[in-house]
């Protein structure tokens, strides 16, 4: 049976503390900047006009996936979403959210798969690195 490894335990503890600090900072940074009307990390909310593709699918930021824009999607997700900004007839949906990417306002989305892929790339703020170094022994 293996004995207690204090170094591994400290590593594990520090990793979890770092994760907590990141989540805490990200939440309050987002909350404070959103409450001030600037959106995420000081970025103003952008109106996204998500047009359905030929299969009737759109990118959904709430679910972070490409979804079929049918009545179930509209009632179960769009109807209660804080980013929802209206429909574009039967061909799309408008959503307003802080987008850290450099996109136009309004941002018209014609390819939901490309929009999904583009939204998977997020910048890492420099203060994360300084937070990590503060936790190192």
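Okay, residues lined up against (1) at pLDDT below 85; (2) in the same structural domain as residue 69 (by TED's automatic domain parsing); (3) assigned to a strand (DSSP E or B):
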residue: 86; (1), (2), (3): no, yes, yes
residue: 89; (1), (2), (3): no, yes, no
residue: 94; (1), (2), (3): no, yes, yes
residue: 102; (1), (2), (3): yes, yes, no
residue: 108; (1), (2), (3): no, yes, yes
residue: 113; (1), (2), (3): no, yes, no
residue: 131; (1), (2), (3): yes, no, no
Just one listed residue, out of 28, 12, 59, is under 16 Å from residue 119 (Cβ atoms) and either modelled with pLDDT under 90 or under 15 Å from the mean Cα position of the chain (by Cα) (or both), and it is 59
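The values are calculated or read from the model by the stated rules, or taken from the named source; none is laboratory data. In this text the structure is predicted, and so the values were computed from the model without any measurement. Virtual Cβ from ideal backbone geometry, glycine too; neighbours counted across all protein chains shown.
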